[in-house]
Structures are given as structure tokens and as C-alpha cells.
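The values are calculated or read from the model by the stated rules, or taken from the named source; none is laboratory data. Because the structure is predicted, anything quoted here is derived from the model rather than measured. When we count neighbours, we look across all protein chains shown, and the Cβ atoms used for this are built from the backbone with ideal geometry, even at glycine.
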Protein chains: 2
Amino acid sequence: MNKYFAERVKPLKASAIREMFKLMADPEIISLAGGSPSPELFPSEELSKIAAKILMTNPNAALQYGTTDGYAPLKEIVADMVRKLGSLKETDSIIITTGGQQGIDLASKVFVNDGETVIVEAPSFVGTLNGLRAYQAKLVGVPLDDDGMNMEKLEQALESNKNVKLIYTIPTFQNPSGITMSLEKRKKLLDLARKYDVIVIEDNPYGYLRFSGEDVPTIKSLDTEGRVVYVGSFSKILSPGMRIGFTVADSKISDRIEVLKQVNDVHTPLLTQMMAVEYIKKYDMDEHIERCRKLYREKCEFMLSCMDKYFPKTVTYTRPQGGLFILCTTPEGTNTNELLLESLKYKVAFVPGNSFSTDIEKPSNLFRLNYSTMPNDKIEKGIKSLGQLLKEKLGN
Amino acid sequence: MNKYFAERVKPLKASAIREMFKLMADPEIISLAGGSPSPELFPSEELSKIAAKILMTNPNAALQYGTTDGYAPLKEIVADMVRKLGSLKETDSIIITTGGQQGIDLASKVFVNDGETVIVEAPSFVGTLNGLRAYQAKLVGVPLDDDGMNMEKLEQALESNKNVKLIYTIPTFQNPSGITMSLEKRKKLLDLARKYDVIVIEDNPYGYLRFSGEDVPTIKSLDTEGRVVYVGSFSKILSPGMRIGFTVADSKISDRIEVLKQVNDVHTPLLTQMMAVEYIKKYDMDEHIERCRKLYREKCEFMLSCMDKYFPKTVTYTRPQGGLFILCTTPEGTNTNELLLESLKYKVAFVPGNSFSTDIEKPSNLFRLNYSTMPNDKIEKGIKSLGQLLKEKLGN
């Protein structure tokens, strides 16, 4: 069958993370591998009432075809949200997408020709990397400092690679590192984007999940040229299963995203869009987000305290101010893929770093932990087992 | 901004039909341009109760991330449906998609390299044509006879074009023609696909909407080689706003579709998938489909009777046995784009044929009418006005 496939799909593999979800079906395994929000935060009773009411009072809007750009009242709500972040220019427009992933995929499709270079953080979000691979982009990774992409390395990458079309960044509570890019670096990134005349995709699914430190302005809010495509999501603050995200970009870019969305899924399902609107109108979203932050602060602090207690000194890790992830660094030469196989014997799962790499074949000494989904007793048990394994394998 | 865009999106235009939806906002316009099912068929009360119950009793399944291939109980239902059509082989698997459109888009992405040829019916569904344009396919149209694609012309197209990768067909109640391909031609199409070693995408959103004549086996059911990708949809038998479709294909193809779906929208929203499952389990889907058929039979017959009464002899049209569309042919040389501008003055809208053409710039003497959405009094009024215009412009 392989001979029929387009070149773009031949090198693609199913995301190791998504594949691992299947493995996680073993109820005994403590999965610190996921990226899901905590289900206890889902406002399911409220959404139940809202769904029933929408289908009784306004069924045709929910069940008939809708417009590709999204349900107008949801677009207004998103406009208010991004306006508050300073991320909405008068020349911008919004497209509601089927999750943030669709926003990234369609924005990539708008810009990237076969063989063009896309600069990403190293490590970066696997969904984006695979999406870009499907447009035959050449992926170039720029290492992360504690305050985001290394700017000297970014400039080198822009300088030394041919046909760089865009920079993809998750500047806030980055996946998989949890690192946030400083304001200074955000400005520098924009300067470099201007100097080398490239587009920026700013992916910000975790921005509302800050539980310590101060907010940093979005890159989009600093952009005066329409160079930044901003991708947002309701997955981490309302529900990922509803698949609601959005793009904010100069109207000329949004028009192209809309045309591609039209041929991709016509429009995002309407019931879920309408449910988001009614929930946000009827309930206090700020309060709900505060609940999310409080829970993730506790869980992150708890996991870090367990790691401080059980992990060997040979393993270092980030201390995020928000989001869902902690990135661990083991001594150079360690292959965290092999480590995972051992770890699964201990019934603990994490994501090895090569998944987040521009070169998935190359062994990585990084691995990602998630603190949002497991109850605290399982976090402790999992981290303790993992700590034991790490001490055995890597020394104390 | 244009200089940044990838080559693939530069030639794309928003679908004239979708753009027209915006124009249709004028409540005075009688739109015979749509392709929507009749809202009176939506089981909204049932779906309201179902949605409320799912979110009360099983909220985490509906609101958390799910698997890319789809909600397992829905996959089972779809398996039963396609098995009844003889369209499910043991080596096949199913992917639930965000509407049939996503199935077509992702299947196109799996197979079509830049510059490869895709053979389509002339005219064909605009959503597919634009989707294929975004993969820089060369589109070649094969004219339709009353019983589907002209097979001599199909063989000529396969013979004379370089790098033909696939044939895209809507064999049953084709959009925009309403024409159904005969069993003989389906077999011949498969023979030719084998002879020229190309893939077939069989798009069947309307198959359940037969209101006269006899069912014809799907092309998928005749395929013994895994050469056919079958795309189905719940849009025309349950609700388009829910955006639920599916692909059925050899597992090796389905795996590639799944990988692309993973980076496209991760998975189709779960609540709507679960609602479809509960509706189908709890209610009689066959009875519901029978209601759809009855209504569309009446509406199609009514529109045809109005056309027989009010249209000039210079205009001919198809008499479909199912689906949602009638295709009209005006004398050669007529430009139905110009005709539409006149028609909008009469407050009647239809879709001009060039939208469905491989060459949208070339004027077309075809136009499409839809009978599923307007009430009968408006159908009569609209057809009468349109008939008047046609007589004025084209003679009796």
C-alpha cells in the first residue's frame, strides 16, 4: 500500500504520546505521561443543563450547518478575551477552530512550502512537529534557557538556514518544559522575526494557567506588523473533549485559514461552541480559571516536593510557574526511551524527550512529567518508584 | 501579506457557495442554493435529553481528551452500518472524522503529491475540488451521463494524463447532479482503477436518502483489493452541525488517515459522537431515515412539478432518485454566473455550475437547485420567478 502514499505522509509516525494513551489502558499504570487537564475541574453539571437548554430552545442553530469562521457570539467572547491580552488589532480577525491543534495545522498549511525551514523550540510540542512534518518542513530546534529560547542560537538558526518561513513558539509554560519566555526575549524574538522577515506562530494553550509569578505580555500584543499568528484554546480552561480553539491573525491571514478550514471540516461543531458561550455568559469564568490555577499550583508543588525527596541529584528539572508540565534532564548519554521501558515495569509512565525533538530517532536524556491528572497519592507513589529506578540506573 | 503564503493556498478562493450563505442572510431571498438537510428532521428533543444525560452520567468521557480514531461505541455502530452495505472488509478499519469533509481532506492528503492528477466527475463537489487544489492536484473532469461518469472519457483521462493518483467519485445522488452511477459502471470504474493502478475515493453522504428506484451496491463493496477509501457522514441523516463523518479503508490507509487526523484536530469532539451513539441505540434509525426519505421525495417531486410548469423548454434538468439536488442545463453559451446576478434581483438564489468545475473561471451553463430546505410555498414562488427569468433570457 505504501507506494500509493504521498511523500508527505511516508515519514510520519503516530505520536508516541497518543500511542501511549492506549498502553495506559492498564489501570495499574500510574501515568505521568498525559497532557490532559484534571477532570475534577470540568463543570459537567452546568454544561449538562446548558446543552439540554440549547437543544430545546435553539436546536436549528446547534444542529444545522454553520459558518466556517465560527459561531458569532463565541467569536465575540474570544475577541474580548484576546483584547484584554492586548492581542487583538483592528486589522485582525478570529477563526474558531476544532481545538488549538487545528489552528496550528491550518496556520502551518497557510505558510509552509515543502522544504522550507521552521524554527521551533528544542524540545517542542509533538503535535506541531508532526503537523509540520506533514507539510515537509525542515525542522530546526533552538535550545531553551530558563527564560525561553536562546536568542543567540535563534539568530544563528535564522542566519544559517535557507528559506526560513516561520518560528513556532509556545512562550508561556512551554510544552514540554514548563518554561516561560521573558519579556525581553519576546521583544528580541520579534526583532529577529522582522530582521529575517519570517512569520511567528505563538501557541498559547496554557497562558491562563499561571499559578505563580507575574503575567508576561503575549508576543502577539507586542507585534505591530501583523507578523504573529496567535493560537488559543479552551481545552485547558474548559474541556479538551469539546475541541474548541481559535486563531487570531491579520485578516488576510485569517481569510486563508478560513478557506483551508472550509475544506478541512467546514466548521467546528456548533453545540460545543454554543455551550462554551452559554457557560461563559452564565458563570464566572475568572472564578473557574482561579479554581484551575489553585489545583494546578497544589499539584505542581506536590509533585516537585516528591521529586525533591525521591529523585537523585543526577536528575535536574524545571520549576514551572504555570501550565501542566515539568521537564527533567538526566545525565548526558542517558536514553530516556530505554528508561521508559524500565519504568513501565515499575508501572510508571512518562514521555521520553525524543518525542519532542526535531529528530525523533536520536536518543534524548530528557523526559516530561505531568501533574494535572493523577491524584496526589498516585503522584507520590509514581515519583517514588521512578526515583528508585533513576537512582539505580543513574546513581544518586 | 501574500508573499508569505505557501504556493498551495495562493490560488484558493472561498467557496462561492459558502460565501453565498452570507448573502443569503437577506431573509427575503429564497435560497435554492444550499445543501443543508431540512431542519424539521432534526430530532432535537431527543438529542436534548441525550446530551443532558451524557454530561450528568458520563461527563469525563465527553469532556476529556479521547482517542484519535473515534469513540469506540460509535466505531462499532458505523462498522455495523457499513457491514450491511457490504463495505467492510476484515482488513479494513474505521476512523471517525469531523464531518465527511475531513475524511475527504485527510484521504486527499494521504495520497496526493503536488502536481499529481485527480480525476473527478464534471461537475463535482466544490469542497473536494478546493481541498484537492490545496494539495496542488491537477484536476481532470470526466463528464456525466445519466448513469454516472462516461467510462470512455474516464479511460481516456486515465490514459492521457500523467501521474494519475486517484479517482474521486460521489456515485450515489451525486452533488451537484443528483445522478447515480449504475452497477455496471461501478464495476467498470473499479476495473479501470485496477488497470491504471489508481486509488478510488467513494464519497457517499447521500446514500441513505434514496426515495425511488433500487439501491445500487457501493463501489467499496465491489472492491477486493483495498483500493477504495469510503467516506460516509451523519450530516444528512442526523445533523450536519454535529460534524460527524467517517472513513472506511484498508487498515494501512486508515493508519495514515489517523496520523494526519492526530495533527489536524486530535479527535472529533466527544459529546456529539456520544450523542449519535445514544440516539441510534435508543431510537429507530431506520424509521428516522424513512422520515427523511419521505420528506425529500415529496419536496423533490414538488420542485420538479413546479419546474415542469414554470421552466422554459430550453432548460433541461435531472430527475434524481434521492439526495438533495437537481442539476439544470441551460443552452450552451449561457453564463449562469451572470444569470445568478439577475436572479438575485428576483430574490431567488441557486449555485452556478462553474463552482463545481475544475476550471472555476470558465463560464458554465449549468446550475444547481436544492429542494430540502425551503418550504413548498417558497419553492413554488422561487421556481416561478426563476422560470420567468429563464424564459426572458433564454426563450421559451
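Considering region A:124-137, the residues that are buried (at least 24 other Cβ atoms within 10 Å of the Cβ) and among the polar types (S, T, N, Q) include one that is nearest to A:Pro11 (Cα to Cα), namely A:Thr128.
I want to confirm something. Restricting to region B:65-112 and keeping residues that are part of a loop (DSSP other than H, G, I, E, B) and free of Cβ contacts under 8 Å to residues at least 60 places away in the same chain, which single residue is farthest from B:Val263 (Cα to Cα)? Once the filter is applied, the top-ranked residue is B:Glu90. When B:Lys220 is tested against (1) part of a loop (DSSP other than H, G, I, E, B); (2) more than 13 Å from every other protein chain (Cβ to nearest Cβ); (3) not β-branched (Val, Ile, Thr), only condition (1) is not met.
Residues in region A:172-184: is at least one among the β-branched types (Val, Ile, Thr), assigned by TED's automatic domain parsing to the domain that holds A:Val118 and surrounded by fewer than 24 Cβ atoms within 10 Å (Cβ to Cβ)? Checked region A:172-184: no residue is among the β-branched types (Val, Ile, Thr), assigned by TED's automatic domain parsing to the domain that holds A:Val118 and surrounded by fewer than 24 Cβ atoms within 10 Å (Cβ to Cβ). Condition test on A:Lys153, is it out of contact with any strand residue (DSSP E or B) (no Cβ under 9 Å at 6 or more places or on another chain), without any contact (Cβ under 8 Å) to a residue 24 or more places away in the chain and over 25 Å from A:Glu7 (Cα atoms)? Criteria not met by A:Lys153.
For region B:258-269, indicate whether the set of residues that are touching a Pro at 6+ places or on another chain (Cβ under 7 Å) and either away from chain A (no Cβ under 14 Å) or under 19 Å from A:Leu47 (Cβ atoms) (or both) is non-empty. Yes, region B:258-269 contains a residue that is touching a Pro at 6+ places or on another chain (Cβ under 7 Å) and either away from chain A (no Cβ under 14 Å) or under 19 Å from A:Leu47 (Cβ atoms) (or both).
Scanning region A:320-331 for residues being part of a loop (DSSP other than H, G, I, E, B) and either acidic (Asp, Glu) or within 22 Å of A:Ile237 (Cβ to Cβ) (or both) gives a total of 4.
In this structure, A:Leu340 does not qualify as farther than 30 Å from A:Ile77 by Cβ, over 23 Å from the mean Cα position of the chain (by Cα) and in a helix (DSSP H, G or I).
From the list B:Glu121, B:Glu116, the lone residue that is touching a strand residue (DSSP E or B) at 6+ places or on another chain (Cβ under 9 Å) and crowded, with 24+ Cβ neighbours inside 10 Å is B:Glu121.
Filtered by the rule that a residue be of a type in the set (Lys, Arg) and closer than 18 Å to B:Ser36 by Cα, region B:299-331 gives a lone residue, B:Lys299.
Selection of region A:40-52 for residues being more than 7 Å from chain B (Cβ to nearest Cβ) and in a loop (DSSP other than H, G, I, E, B) yields only A:Pro43.
Restricting to region A:191-217, count the residues that are within 14 Å of another protein chain (Cβ to nearest Cβ) and of a type in the set (Asp, Glu). Total meeting the criteria: 2.
For (1) under 19 Å from the mean Cα position of the chain (by Cα); (2) aliphatic (A, V, I, L, M); (3) at positive phi; (4) not assigned by TED's automatic domain parsing to the domain that holds B:Leu324, each residue gets a yes or a no:
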{"residue": "B:Ser38", "(1), (2), (3), (4)": "yes, no, no, no"}
{"residue": "B:Pro73", "(1), (2), (3), (4)": "no, no, no, yes"}
{"residue": "B:Glu76", "(1), (2), (3), (4)": "no, no, no, yes"}
{"residue": "B:Val82", "(1), (2), (3), (4)": "yes, yes, no, yes"}
{"residue": "B:Lys89", "(1), (2), (3), (4)": "no, no, no, yes"}
{"residue": "B:Ile96", "(1), (2), (3), (4)": "yes, yes, no, yes"}
{"residue": "B:Gln102", "(1), (2), (3), (4)": "yes, no, no, yes"}
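Residue count for region B:151-167 satisfying the condition of being surrounded by 19 or more Cβ atoms within 10 Å (Cβ to Cβ) and under 15 Å from B:Asn113 (Cα atoms): 4.
Evaluate region A:243-265: report whether one residue or more is basic (Lys, Arg), in the same structural domain as A:Ser93 (by TED's automatic domain parsing) and within 19 Å of A:Asn204 (Cα to Cα). There is at least one residue in region A:243-265 that is basic (Lys, Arg), in the same structural domain as A:Ser93 (by TED's automatic domain parsing) and within 19 Å of A:Asn204 (Cα to Cα).
Filtered by the rule that a residue be closer than 13 Å to A:Ile201 by Cβ and facing chain B (nearest Cβ under 8 Å), region A:105-114 gives A:Asp105, A:Lys109, A:Val110, A:Phe111, A:Val112.
The condition of being at the interface with chain B (Cβ under 8 Å from one of its Cβ atoms), out of contact with any Cys (no Cβ under 9 Å at 6 or more places or on another chain) and of a type in the set (Ser, Thr, Tyr) holds for only one of A:Thr117, A:Thr67, A:Thr91, A:Thr57, that being A:Thr67. Of all residues in region B:161-171, exactly one satisfies the criterion of being away from chain A (no Cβ under 13 Å) and hydrophobic (A, V, I, L, M, F, W, C), namely B:Ile170.
Which one is surrounded by the most Cβ atoms within 10 Å (Cβ to Cβ), of the residues in region A:364-373 that are at pLDDT 95 or above and part of a loop (DSSP other than H, G, I, E, B)? Among residues in region A:364-373 that are at pLDDT 95 or above and part of a loop (DSSP other than H, G, I, E, B), the one surrounded by the most Cβ atoms within 10 Å (Cβ to Cβ) is A:Tyr371.
Does B:Arg194 satisfy the condition of being over 25 Å from B:Ala62 (Cβ atoms) and out of contact with any Cys (no Cβ under 6 Å at 6 or more places or on another chain)? Yes: the conditions hold for B:Arg194. Taking region B:1-39 as the range and being closer than 18 Å to B:Ser343 by Cβ, at the interface with another protein chain (Cβ under 10 Å from one of its Cβ atoms) and modelled with pLDDT of 85 or more as the test, the residues that pass are B:Gly34, B:Gly35.
Does at least one position in region B:129-140 carry a residue that is more than 11 Å from every other protein chain (Cβ to nearest Cβ), out of contact with any helix residue (DSSP H, G or I) (no Cβ under 8 Å at 6 or more places or on another chain) and either modelled with pLDDT of 95 or more or closer than 16 Å to B:Lys220 by Cβ (or both)? The answer is yes, given that some residue of region B:129-140 is more than 11 Å from every other protein chain (Cβ to nearest Cβ), out of contact with any helix residue (DSSP H, G or I) (no Cβ under 8 Å at 6 or more places or on another chain) and either modelled with pLDDT of 95 or more or closer than 16 Å to B:Lys220 by Cβ (or both). Residues that are free of Cβ contacts under 8 Å to residues at least 60 places away in the same chain, in a loop (DSSP other than H, G, I, E, B) and not small (Gly, Ala, Ser) were ranked within region B:238-265; the one that is farthest from B:Val277 (Cα to Cα) is B:Val263.
Here's the yes/no breakdown for (1) touching a Phe, Trp or Tyr at 6+ places or on another chain (Cβ under 9 Å); (2) small (Gly, Ala, Ser):
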| site | (1), (2) |
| --- | --- |
| B:Glu290 | no, no |
| B:Tyr317 | yes, no |
| B:Ala349 | no, yes |
| B:Pro352 | yes, no |
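Can you confirm whether region A:226-236 contains a residue that is assigned to a helix (DSSP H, G or I), farther than 30 Å from A:Leu55 by Cβ, under 20 Å from the mean Cα position of the chain (by Cα) and of a type in the set (A, V, I, L, M)? Within region A:226-236, not a single residue is assigned to a helix (DSSP H, G or I), farther than 30 Å from A:Leu55 by Cβ, under 20 Å from the mean Cα position of the chain (by Cα) and of a type in the set (A, V, I, L, M).
Answer yes if at least one residue in region A:172-187 is within 25 Å of A:Leu74 (Cα to Cα) and either in contact (Cβ under 8 Å) with a residue 12 or more places away in the chain or facing chain B (nearest Cβ under 8 Å) (or both), and no otherwise. Taking every residue of region A:172-187 in turn, at least one turns out to be within 25 Å of A:Leu74 (Cα to Cα) and either in contact (Cβ under 8 Å) with a residue 12 or more places away in the chain or facing chain B (nearest Cβ under 8 Å) (or both). Here B:Lys281 meets each of (1) within 13 Å of another protein chain (Cβ to nearest Cβ); (2) surrounded by fewer than 21 Cβ atoms within 10 Å (Cβ to Cβ); (3) among the basic types (Lys, Arg) with one exception, condition (1). Of the set (1) buried (at least 21 other Cβ atoms within 10 Å of the Cβ); (2) within 9 Å of chain B (Cβ to nearest Cβ), all apply to A:Val229 but (2).
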